[in-house]
Every structure is written in C-alpha cells, then in structure tokens.
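Below: the structure, in structure tokens.
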Amino acid sequence: MNSKRMHAYIPRTMISALLILLAICCIMPFVIIISSSVTDEMTIIKEGFQLFPRNFSWTAYQFLFQHPEDLLRAYGVTIAVTVTGTVGGLLITSLLAYTLSRKEFIFRNPLNFYVFFTMLFNGGLVPYYILVANVYDLKGSLLALILPLMVNAWNVLIMRTFFVQVPEALVEAARIEGSGEYRIFFSIMVPLSTPVFATIGLFLVMSYWNDWFQALLFIDDRAKLPLQYLLYNILRNAIEVASLSRVGGQTINTIMPTESLKMATVVITVAPMTIVFLSIQRYFVRGITVGSVKG
C-alpha cells in the first residue's frame, strides 16, 4: 500500500515541478523587462539585459514623465476608447451573431457568406482611409478609434457558433410564453453565454488597448492621441535624437536611454492591463465555469 502511494506521489511531484518550471519561464521575461527599465543605459549596452538591475537608474521613467499631463491625458483617451468600444462591440457582435444563428431567418445564408467574405478579402488601405476619413468624415474624431475596430468577422463567427449550441427547446419554450426576440436574447442567450462574452470582451479590450495604427491614420490633435501612439512618438523621437548625435559626432553629457526606454514603455502599457486582469480573473473563471454547466 505504501509502495502504491509512493508511486502515485512521485508523478504528482514531477508534474508540480514541471508546472513550476513552466511558470518561472513565463514570468522571467516580465522580470527582465522591469529590471531593464530601471537599469542604467550604459550597463545595458555593455552587459546586455539582466535578470536583476546592476546599476539602478530611473532615467527612462524620468524621460517618459517629462510631461506627465500628456501621459495622463493619453491614459484617459485610451480608457474611454477601450470601454466604449468594448461595450458597443459586444452588443453589436452578439446581436449580429444571434441573428445569424437563427435558422428561421430567411437571409441567414447570404449574410453568413457576407460576414465570412470580409475575413478573406478587403479593399486595402487607401479605400479604407477614404471610407473612414471622407465618406464617414471621422478624421480627427475619437470615433475613428472606436468604430473601425468594433466588429470583427472572426468574433461574430465564434459567438454565432456558441449561440447555435444553446438548446433550441429553451428558445421554443420562451416563444410559447410570449417572449419576443429581444427578450429571448437578453433573458436567455446572454446569461447562458457568459464564457463567449468574456472571451470576445477580452479580445476587444486587448485590441483597443494595443491599437496605435488608427491614431496614426486619423488623429492629428496631440490631445486626442491614445497611450500607445503617444509612447511610440516619444520612443521614436528619442531614437532619432540618439542617432543624430552619433552621426553628427556630437558629445553629449547624458546618453539617451533608448534601450531602457523601450522597456519602460512596455511596463507602462502592460502594467494596467495586468492589474485589471488579475483583479477580475476569479470572476472570469467563475463565469466560464457557471456558463459551461448545461441542464
């Protein structure tokens, strides 16, 4: 009996050790990023990136926070765009997916093909710019950061597939009770679809939070720049200054912290999303668990 317990204990120990090793491998890149962001630039140039900072320095963060009001404004723009786009995207995506999942909808197949077709082909960058900037007249508006990313064909198809799996008997019972389509959607489909709403919502949040290309195309006002594009401009300017200094043979007292600045921008952009995810993780997992129980 003791031998059997010992044989069962050893595999569990090995699995636990393997998982711990895997977790360490996943965490180490983040530790290196944080360490490099507070390391002196010359140390990084000479010794490379280290797990722990050798010569501690706040130069990269001081460079980023030279104008803190710009960063705070960019955070506000990004948060507003992310929240608005995610809520609107979930609503529109789920309504479209529910419509496509209904077999009695007569235009179901043509509309399914239309959504799927957009995954394979698009008009290109120039028609896209003309459509958003000239036809919809959104250039310079925050709506140009929100509307183009609100609906994604892949997200629609994922949600449609989930809605199809909901038992048809529930829908038929609701119709017998006199419920309309909106009542069925909000009272039955939404509560039963917590996992797919959480998944698509996470996709939308990450898409909006990490986007900078829309701002590059449509935003000229510095007060409306999102966080990612503002940091991109700061980093690009720092690299250009460092390059010009080297090419021109200029002697400068302070080395431009380009490498540590890259890591500091990563910390500033990733840290809020990490904190938010860790805060809602237990609710996210609970929603998946509850939503996956049928019956």
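The values are calculated or read from the model by the stated rules, or taken from the named source; none is laboratory data. This one's a predicted model, so the numbers in the text were calculated from it and none came from an experiment. In this analysis, Cβ positions are derived from the backbone assuming ideal geometry, glycine residues included, and neighbour counts consider all displayed protein chains. Quick note on the areas: whole protein, heavy atoms, side chains included, nothing else; ligands and nucleic acids left out. Shrake-Rupley method; radii C 1.70, N 1.55, O 1.52, S 1.80 Å.
Projected label points at Phe186 and Tyr114, each 7 Å from Cα along the beta carbon direction, are separated by 2.5 nanometres. For region 32-73, trypsin sites (Lys or Arg not before Pro) are listed when DSSP marks them as loop and at most 14 other Cβ atoms sit within 10 Å of their Cβ; the list is Arg54. Lys-Lys pairs in the chain that are eight or more residues apart or on separate chains and whose Cα atoms lie under 26 Å of each other come to 4.
Under 12 Å from a label point 7 Å along Cα→Cβ of Tyr61: give me every residue in region 261-275 with its amide N that close. Label zone hits: 264-265, 267-268.
Rounded to the nearest 500, the 222 nm mean residue ellipticity of the chain from helices alone is -23000 deg cm²/dmol, with -39,500 (n - 2.57) taken per DSSP H run of at least 4 residues. The simple Förster model, with R0 at 30 Å and r as the Cβ-Cβ distance, assigns Leu51 and Ile92 a FRET efficiency of 0.10.
Remark on Thr39: its backbone amide H falls under 5 Å from those of Ser57, a criterion applied only to residues 5 or more positions apart or on other chains, H modelled at 1.01 Å from N. For the chain, the square roots a ≥ b ≥ c of the C-alpha gyration tensor eigenvalues yield an a/c of 1.5 or more together with a/b not exceeding b/c, which makes the shape oblate. Express the carbon and sulfur contribution to the solvent-accessible surface of the chain as a percent, rounded to the nearest whole number, probe 1.4 angstrom. In the chain, the share of accessible area belonging to carbon and sulfur is 68 percent.
Packing-based ranking of 160-170, 19-29, 215-225, 124-134 yields 215-225, 160-170, 124-134, 19-29, ordered from highest to lowest mean Cβ neighbour count within 10 Å. Placing a label point 7 Å from the Cα of Val276 along the Cα-to-Cβ direction, the residues of region 213-245 whose backbone N falls under 13 Å of that point are 227-228.
Looking at region 59-293, the accessible area is 57 square angstrom per residue; that uses a 1.4 Å probe and ignores ligands, DNA and RNA. Applied to region 54-63, the Karplus parametrisation 6.51 cos²θ - 1.76 cosθ + 1.60 on θ = phi - 60° returns per-residue 3J(HN,Hα) values of 7, 10, 5, 7, 9, 4, 4, 6, 4, 5 Hz, with x for Gly and Pro.
Taking 0.36 nm per residue of separation and subtracting the current Cα-Cα distance, fully stretching the chain between Arg236 and Phe105 would add 42.0 nm.
Averaged over residues, the count of other Cβ atoms within 10 Å places the peptides 35-41, 198-204, 62-68 in the sequence 35-41, 198-204, 62-68, highest first.
The equivalent ellipsoid of region 103-255 has semi-axes of 46, 18, 14 Å, largest first, where each one is the square root of 5 times an eigenvalue of the Cα gyration tensor.
Find how many whole Å separate the alpha carbon centroid of region 109-126 from the alpha carbon centroid of region 207-237. Going from one Cα centre to the other spans 27 Å.
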